[in-house]
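Some notes on the structure that comes next.
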Amino acid sequence: MNKKDPNIAMIIEIVGGYLGLLGLGYIYAGFTIEGIIRLVAWPIVLVVTYFGIVGVGFSSILALFSDPSGVLSIFLAILMLVLALVWTIAVFIAPVISALMLKGKMSIWR
């Protein structure tokens with residue numbers, strides 16, 4: 001079915017994912033529907049999670065004014081840092097995982 005090089009598809013998927021275009025490798029490899037789904041879903045996931053982290057950050061600032069002890073604000077600030085760390089790791093790992101899944105899928109279809 002597929003005579004495209006899995007290594008090239010993997011590189012396209014990783015680089016595209018880092019540029020916010022996850023799914024380009026799938027489209028290159030001929031898995032168009034999956035590629036388009038990833039191409040549409042990835043930016044949505046990035047934006048929604050980013051604004052979730054920013055929302056927690058603003059909540060921690062607002063908690064400074066409503067909680068005199070500052071405990072809630074400290075908790076929300078720590079939560080924001082943890083979420084930001086997880087988000088950063090996910091942003092760098094997700095394209096690699098997607099590329100490895102693509103390479104495995106391509107080797108099955110050979």
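Identify, please: which residue in the range 49-79 is of a type in the set (S, T, N, Q) and surrounded by 13 or more Cβ atoms within 10 Å (Cβ to Cβ) and is, among those, modelled with the highest pLDDT? Steps first, answer last, please.
Quick first cut of the range 49-79, residues of a type in the set (S, T, N, Q) only: 49, 59-60, 66, 69, 73.
With surrounded by 13 or more Cβ atoms within 10 Å (Cβ to Cβ) added as a condition, the list becomes 49, 59-60, 73.
Details: Thr49: 84, Ser59: 79, Ser60: 76, Ser73: 77.
Checking each candidate, the answer is Thr49.
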If you take the residues of the range 80-110 that are out of contact with any helix residue (DSSP H, G or I) (no Cβ under 6 Å at 6 or more places or on another chain) and among the charged types (D, E, K, R), which of them is surrounded by the fewest Cβ atoms within 10 Å (Cβ to Cβ)? Arg110
Flagged pairs (Cβ under 6 angstrom, 6 or more apart or on separate chains; first in the range 80-106, farther than 28 Å from Val54 by Cβ; second of a type in the set (A, V, I, L, M, F, W, C)) are Ala99/Met10; Ala99/Ile14; Leu102/Ala9; Lys103/Met10; Met106/Ala29
Failed criterion for Leu22 (all others in (1) touching a residue at least 24 places away in the same chain (Cβ under 8 Å); (2) over 25 Å from Ile11 (Cβ atoms); (3) surrounded by 15 or more Cβ atoms within 10 Å (Cβ to Cβ) hold): (2)
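Yes/no per residue for (1) among the aliphatic types (A, V, I, L, M); (2) closer than 23 Å to Ala90 by Cα; (3) touching a Ser or Thr at 6+ places or on another chain (Cβ under 6 Å):
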site	(1), (2), (3)
Lys3	no, no, no
Ile8	yes, yes, no
Ile14	yes, yes, no
Tyr18	no, yes, no
Gly25	no, yes, no
Glu34	no, yes, no
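The values are calculated or read from the model by the stated rules, or taken from the named source; none is laboratory data. Just so it is clear, the model here is predicted, and its values are computed rather than measured. Cβ atoms come from the backbone with ideal geometry, glycine included; neighbour counts cover every protein chain shown.
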